[in-house]
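Notes follow the structure.
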Amino acid sequence: MSKNEELFARAQRHIPGGVNSPVRAFRSVGGTPCFFERALGARVWDADGREYIDYVGSWGPMIVGHSHPEVLQAVYERAARGLSFGAPTGLEVEMADLLVELVPSMDMVRLTSSGTEATMSAIRLARGHTGRDKIIKFEGCYHGHGDSLLVKAGSGALTFGQPSSAGVPAELAALTLVLDYNDTQQLADTFARIGHEIAAIIVEPVVGNMNLIAPRAEFLQAMRDLCTQHGAVLIFDEVMTGFRVALGGAQALYGITPDLSTFGKVIGGGLPVGAFGGRREIMEKLAPLGPVYQAGTLSGNPVAVAAGLATLGLIREPGFHERLAATTTTLVTGLGDVASSHGVVFSAQAVGGMFGLYFRATAPQTYAEVMECDKEAFNRFFHAMLDEGVYFAPSAFEAGFVSAAHGAAEIEATLAAADRVFAQMAR
Ligand code: PMP
């Protein structure tokens, strides 16, 4: 039995499914999850001492690479001065000033300890601000595991949602309308019908939770226009895209100004930090200024914020995102070329430092098209690449992530491995 297998067997005794977050269990791809022991730059090592080129990067936070010396130094220095106070610190002020500077749509911001808390809080704030209860989300978008957001489409278009998890009250799910991503007409029709009842739209401006889906240009603009016309709050969930697809997030890339935004991942540099922020008029409705309650014992934790500030300091260097996007593009273009040289039906695309791999002839634009991808082919590819020492997300429905530590050597090694794997798959 390998160390990974031994740990997984032990883990399942006292941790449900052996993991503290479901996708880690390899249920979708099958097999034994890698239990990681250490990481450096673009590489991770598992309990059996095997080395992998890592395209998960803790699902996004590790944008400067693992164990970056400047980030580690900031963490060590802060930790030596106290781990948590439950009282304000100057670091949080620095973080708020920086976030507001880098994301022009935000006048004010509040820190949380996870992306889930950020989206939950943004929804409550939008409801409190508008005095309305109904929200719109899109099928296939994930916004953390808050009750109002674990909702799937009801039967037929324009019906309110059903819980996508046991334990979410149907009465609450019924307040979440689930529409089709990239369907501008359906969105416009919905607002024409019940626009005055909608508190908020929440959307991943580039979706990274049903593989990667890029927005059609008119889709995000229509959202902005409809929310303005109908007094609804537009929430961009940039937990994944923030500081990754561009320094100012997807809103900077596409030139759309949301009312509220949510962040996580990169702003904590690998430690637990989330944030939500936006227009002053809305943010001033938060306690202690206003009637919308939101709080957290560890919110703005100094060690986590220190890691985030060090990371943001590195990624705001001129040219950082251009280089990251260029590396990611080289990867996806190379994978596409290798697949086509072996006649494997495959496509791939990048947005900034995020990418999608699809066992389908062209990149999907809708949830229905994502569902057409050949999941079995992905699973074969995933395991064969893992055997080659390349760690992609263990699911056909997740985006991938590149870091600044991924250089020519890692990309070349990945493409050489993919060449062998696609050759095998073509046989
Ligand atoms: N929103 C988006 C877009 C996400 O991708 C995620 C997590 N992958 C979340 C919210 C939830 O963040 P967390 O896991 O930190 O609670």
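Rule-based calculations on the coordinates, nothing more; no lab input. These numbers come from a predicted model, not from an experiment. As a convention, Cβ positions derive from the backbone with ideal geometry for all residues, glycine included, and neighbour counts pool all protein chains shown.
Figures for the structure shown
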| quantity | calculated |
| --- | --- |
| Separation of alpha-carbon centers, the stretch 361-421 and the stretch 195-218, rounded to whole Å | 24 Å |
| Virtual spin-label span in nm between Leu172 and Arg193, 7 Å along Cα→Cβ | 2.5 nm |
| Sparse-neighbourhood loop sites, chymotrypsin sites (Phe, Trp or Tyr not before Pro) in the stretch 343-427 - DSSP loop, at most 13 other Cβ within 10 angstrom | none |
| Most mobile of Arg81, Arg50, Arg127 in a GNM of the chain (Cα contacts under 10 Å) | Arg81 |
| Per-pair calculated FRET efficiency, R0 = 25 Å: Ala361 and Ala409 via Cβ, rounded to 0.05 | 0.20 |
| Thr333 versus Glu376: modelled label distance in nm, points set 7 Å from Cα along the beta carbon direction | 3.4 nm |
| Gain upon complete extension [Gln229, Arg427; 0.36 nm per residue less C-alpha separation] | 65.7 nm |
| Zone residues, the stretch 362-385, relative to Ser340, backbone N less than 13 Å from point 7 Å out along Cα-to-Cβ | 362-363 |
| Spin-label model distance (nm) - Asp133 vs Leu289, 7 Å beyond Cα toward Cβ | 2.8 nm |
| Sites Gln185 and Asp97 - FRET efficiency at Förster radius 51 Å, r taken between beta-carbons, to 0.05 | 0.80 |
| Loop-located GluC sites (Glu not before Pro) in the stretch 352-427 whose Cβ has at most 13 other Cβ within 10 Å (DSSP) | Glu372 |
| Pairwise FRET efficiency - Ser165 versus Arg10, Cβ, R0 = 30 Å, nearest 0.05 | 0.65 |
| Sequence ranges 281-289, 13-21, 327-335, 137-145, ranked by mean other-Cβ count within 10 angstrom, highest first | 137-145, 327-335, 281-289, 13-21 |
| Net charge, Gly400 excluded, C-beta distance under 15 Å - Lys, Arg +1, Asp, Glu -1 | -1 |
| Potential lengthening between Arg323 and Ala416 on full extension [0.36 nm per residue; Cα-Cα distance subtracted] | 31.3 nm |
| Stretchable slack from Ser67 to Ala368, in nm (0.36 nm times residue separation minus alpha-carbon distance) | 104.5 nm |
| Eligible aspartates and glutamates near Lys152 by straight Cα distance, threshold 14 Å, same-chain separation 8 or greater | Glu139, Glu171, Asp180 |
